[in-house]
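Let me begin by presenting the structure, written as structure tokens, before commenting on it.
Nothing in this text is a laboratory measurement; each read-out follows from the coordinates by a stated rule. Keep in mind that what you see is a predicted model, and the values were worked out from it rather than measured. Using ideal geometry, Cβ is built from the backbone for each residue, glycine included, and neighbour counts are taken over all protein chains shown.
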């Protein structure tokens, strides 16, 4: 379950950013997880609960924005359904992924008082 | 202002980051890639289930290419150096990466494994990832190409169940095709259909490592990629000279 490694990377970045902003606590961490990112939002939440610790992130919520997979034709840009063969219905050109592979740390809400 | 509820508390600031969560791994992977490109080593990340035939494919590759190419492998497993020893016996310069309880290789593990190991003189370096169709897909290692090894005994529905690893792959090597007559009603077309639902422009190579069927296509593909690596190296050195 690589979600533990992923959440460790999130927590390390949050710590760096919090230090840079002289924050003494974190209220929220916002991430985006694409349907084809290879990360399961539920498992990421579980991993966060186990890894957040008693420090900076003890009271921080993890906001996960799920991004569905969107495919389109490489040539004519017609939308291609994510189920079925990944080729354009009208011209048979292979599809390209427009969104859905994101794995991003979007925002951190910090307490700076 | 607080980005969670918009409460206006001046002591809460919303800091936008908008960066990849695995940015650190990606930086190390780019560092690895730069090393490989500078040395003209063609690197393949080999992924697949445990028992799909990754090591057997590399043994066959060594039999087919060993006389004219220098082959190396980093074999990732939770425990034992069994695969690395098998590959050494087959004539491949091999080293194992024991991950302990970690279900995938990451770029730093690959970078560490390159130290004090003669990878510079290789033509092809195969990174045999931990047997797993899920986690390895998430981590860039610095490879030029990703290959999924899928055996016919796993069934044609596997690409649909594990789409991420297939989507990120350049090639699918379909192994153990000599067993197809023993698998009721299964055909290569069924695998091609399901792979086509998760890869837009799939390259599929059906092989049997025990019979030798299809290996020529795989070897030719490797040869072609090596030529591309040399061309990239030549381009880089020419532009430096100019």
What number, in nm² with one decimal, is the all-direction average of the projected area of the convex hull of the alpha-carbon atoms of chain B? 18.3 nm²
Just checking the output field for B:132-141: average partner chain Cβ neighbours within 10 Å of each residue's Cβ? 3
Output field shielding_mean for B:7-17 (other chain Cβ, 10 Å radius) holds 6
Once the Cα atoms of helix A:3-20 and of chain A are each reduced to a long axis, what angle between those two axes, in degrees from 0 to 90 to the nearest 10, is obtained? 50 degrees
I need A:110, B:46, A:1 ordered by Cβ neighbour count within 10 Å, fewest first. A:1, B:46, A:110
Antiparallel content of DSSP bridges confined to chain B, in %, to 5: 5 percent
If neighbour count is taken as other Cβ atoms inside 10 Å, put B:227, B:199, B:109 in order from fewest to most. B:227, B:109, B:199
Three semi-axes of the equivalent ellipsoid, the stretch A:3-43, Cα gyration tensor, whole Å, largest first: 24, 10, 8
Using a 7 Å offset from the Cα along the Cα-to-Cβ direction at both residue B:101 and residue B:26, what is the distance between the two label points in nm, to one decimal? 2.9 nm
Mind jotting down the three principal axis lengths of chain A based on Cα atoms? Whole angstrom, largest first. 58, 27, 16
So what's the stretch B:127-242 giving for Rg/Rh, alpha carbon basis, Kirkwood Rh from the mean inverse pair distance? 1.05
With both bridge residues required to lie in chain A, what share of the DSSP beta bridges run antiparallel, to the nearest 5%? 70 percent
With a bin width of 10 angstrom, please list the P(r) values of the stretch A:48-113 as percents of all Cα-Cα pairs, from the 0 bin to the one holding the largest distance. 19, 30, 18, 16, 15, 3
Can you check how the C-alpha radius of gyration of the protein assembly as shown compares to 2.2 N^0.38 Å, as a plain ratio? 1.09
In degrees between 0 and 90, to the nearest 10, how far off the longest principal axis of chain B does helix B:54-65 point, with axes built from Cα atoms? 60 degrees
Working from Cα positions, state the angle (0 to 90°, nearest 10) between the long axis of helix B:23-39 and the longest principal axis of chain B. 40 degrees
Hey, what's the per residue convex hull volume over the C-alpha atoms of the stretch B:1-124, in cubic angstrom? 155 Å³
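Taking neighbour Cβ counts within 10 Å as the exposure measure, how do B:160, A:86 sort from fewest upward?
B:160, A:86
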Rounded to whole Å, √(5λ) for the Cα gyration tensor eigenvalues of the stretch B:180-242, largest first, gives 37, 16, 5
Between residue B:64 and residue B:210, what is the spin-label point distance in nm, taking each point 7 Å from the Cα along the Cα→C-beta axis? 1.8 nm
Taking 1 over the mean of 1/r across every pair of different Cα atoms in the stretch B:95-193, what Kirkwood radius in Å do you get? 15.3 Å
How high is the FRET efficiency between residue B:182 and residue B:160 when r is their beta carbon distance and R₀ equals 22 Å, given to the nearest 0.05? 0.45
